[in-house]
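The values are calculated or read from the model by the stated rules, or taken from the named source; none is laboratory data. All of these numbers come straight from a predicted model, not from anything done at the bench. Positions of Cβ are backbone-derived with ideal geometry, glycine not excepted, and every protein chain shown enters the neighbour counts.
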Amino acid sequence: MLEVKDLVVAYGKVKAVKGISFSVEHNQVVSLLGTNGAGKTTTLRTISGLLRPESGEVWFEGQRIDKMPAHKIVQLGLAHSPEGRRIFPKLTVEDNLMLGAFARKDHQAIAGDLERVFALFDILKERRSQPAGTFSGGEQQMLAIGRAMMSRPRLLMLDEPSMGLSPLMMQRIMSTISELQSEGVTILLVEQNAAAALELSDHAYVLEVGSITLEGSGKQLLGDDRVKKAYLGED
Ligand code: ATP
């Protein structure tokens with residue numbers, strides 16, 4: 001469904017991603033793991049058209065997308081819930097969510113999806129008319145995930161969805177990912193909590209200073225000594 005080939009992304013002279021190749025099969029949950037600065041966010045931003053690669057290719061469902069504008073990529077069914085607080089602070093919660101559906105014309109289904117996001121994150125429903133800028137970091141994170149869900153993506157990329165959330169909310173996010181997968185959505189996940197991510201992942205890649213150094217099924221990597229040591233805090 002998604003294929004990244006020999007991708008190189010640089011900020012000026014500094015190469016943040018140094019020629020990585022990986023793929024995501026239809027209806028899988030795939031994780032990208034790696035320490036801070038490994039290039040995970042850069043990779044997701046390049047796939048969603050926010051950054052241009054220096055070289056390499058990105059293919060989504062048979063189309064080459066690495067030169068496409070970001071809004072076209074969303075229209076193809078690839079959504080991105082970015083790391084941190086990339087919401088529109090002056091707009092209300094509901095308007096932020098509706099922006100996720102900008103490319104859709106199926107109004108009834110949009111209303112249903114809005115209710116679904118509200119059922120998942122009740123705080124968003126309670127405060128739907130408030131400006132989103134008044135939200136805490138964790139609440140803004142929920143809003144960013146909800147907004148990505150509103151585009152009804154076939155492939156949803158989540159950049160550290162549990163960041164700033166309580167353990168309870170984190171569990172909820174993880175079970176939402178499984179639920180979305182059972183509905184046919186494909187997920188590409190970047191997550192600090194490697195154990196939780198690997199539990200749900202069909203496949204995972206480990207990124208270290210811009211290169212993929214390890215890959216395998218979630219189960220394989222959970223049992224891998226290098227992963228245990230570096231990412232799971234085990235000896
Ligand atoms: P984290 O888990 O900390 O978010 P990451 O794996 O997502 O890390 P990136 O944010 O992709 O890593 O960063 C990869 C490298 O690129 C880092 O060395 C970072 O300092 C550098 N970098 C990221 N954004 C920029 C930028 N806008 N300008 C210059 N360098 C950048």
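Assorted remarks:
- Check on GLN141, within 16 Å of the ligand (Cβ to nearest atom) and assigned to a helix (DSSP H, G or I): yes
- Restricted to the range 144-164, and to residues there that are away from the ligand (no atom under 16 Å from the Cβ) and in a loop (DSSP other than H, G, I, E, B), the residue that is nearest to ASN27 (Cα to Cα) is ARG154.
- Among residues of the range 178-197, those that are surrounded by fewer than 22 Cβ atoms within 10 Å (Cβ to Cβ), in a helix (DSSP H, G or I) and hydrophobic (A, V, I, L, M, F, W, C), counted: 3
- Of all residues in the range 60-79, those being surrounded by 12 or more Cβ atoms within 10 Å (Cβ to Cβ) and outside any helix (DSSP H, G or I) number 10.
- Test: residue in the range 26-38 that is touching a Phe, Trp or Tyr at 6+ places or on another chain (Cβ under 9 Å), away from the ligand (no atom under 12 Å from the Cβ) and outside any helix (DSSP H, G or I): yes
- Candidate set: the range 80-104, residues that are part of a loop (DSSP other than H, G, I, E, B) and charged (D, E, K, R); chosen: the one nearest to LEU2 (Cα to Cα): GLU83
- Some residue of the range 74-84 being farther than 24 Å from GLN220 by Cα, in contact with a Gly (Cβ under 8 Å, 6 or more places away or on another chain) and more than 11 Å from the ligand (Cβ to nearest atom): yes
- Qualifying residue in the range 121-136 (condition: among the β-branched types (Val, Ile, Thr) and away from the ligand (no atom under 16 Å from the Cβ)): yes
- Of the residues making up the range 44-59, those that are within 22 Å of VAL190 (Cα to Cα), assigned to a strand (DSSP E or B) and of a type in the set (Gly, Ala, Ser) number 1.
- SER201 being at pLDDT below 90, closer than 15 Å to TYR231 by Cβ and crowded, with 21+ Cβ neighbours inside 10 Å: no
- Index of the failed condition, VAL93 passing every other in (1) in contact with a helix residue (DSSP H, G or I) (Cβ under 9 Å, 6 or more places away or on another chain); (2) at positive phi: (2)
- Pairs linking a residue in the range 180-205 that is more than 19 Å from MET163 (Cα to Cα) to a residue that is modelled with pLDDT under 90 and basic (Lys, Arg), with Cβ atoms under 9 Å and 6 or more positions apart or on different chains, are VAL185/ARG152.
- Of all residues in the range 204-223, those satisfying the criterion of being of a type in the set (Val, Ile, Thr) and buried (at least 18 other Cβ atoms within 10 Å of the Cβ) are VAL206, ILE212.
- Any hit, the range 41-59, residues being away from the ligand (no atom under 14 Å from the Cβ), among the hydrophobic types (A, V, I, L, M, F, W, C) and farther than 20 Å from GLN192 by Cβ: yes
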